[in-house]
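Step one of this worksheet: look at the structure below.
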């Protein structure tokens, strides 16, 4: 079975063939993008000042749980997700393949050169 991203793209292109369309879906959880940029969230909202991103953030199952275990009061999607979204480092988040796709697709849509991600 084809994943949700390709199915949404196919549907969207059929609806608006006259537009340049891109679909990006976070792999497993949106929070994987925060984990990929963990160093940029050090000390924020109860996260430790020594927080480090794991080598393969998108392979973590239960990213909300991963964050919650490291936060003093636990992770709240309704409170912490918007707060982290406003401050996480977009370049660091490119460690996550799905975020890198988003980054590249936004560059393509706006005709902005996007440098290759660093390993």
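Every number in this text was worked out from the coordinates using simple rules, so none of it is lab data. Please read these numbers as outputs of a predicted model, since none were measured by experiment. Please note: Cβ atoms are built from the backbone with ideal geometry, for glycine as well, and neighbour counts cover all protein chains shown.
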Span from the the stretch 1-41 Cα centroid across to the the stretch 57-119 one, whole angstrom: 13 Å
Length released on extending from residue 12 to residue 109, taking residue separation times 0.36 nm less the Cα-Cα span: 33.4 nm
Starting from a Cα-only point model with no solvent, please compute log10 I(q)/I(0) by Debye for the stretch 24-80 at q = 0.18 1/Å. -0.54
Which three numbers, in whole Å and largest first, are the semi-axes of the equivalent ellipsoid of the stretch 50-119 derived from its Cα gyration tensor as √(5λ)? 26, 14, 10
Sorting check: for 53-66, 33-46, 12-25, which peptide has the highest mean count of neighbouring beta carbons within 10 Å, and how do the rest follow? 33-46, 53-66, 12-25
May I ask you to order 86-95, 106-115 by the average number of other C-beta atoms within 10 Å around their residues, highest value first? 86-95, 106-115
Which number do you get for Rg(Cα) / (2.2 N^0.38 Å) in the chain? 1.17
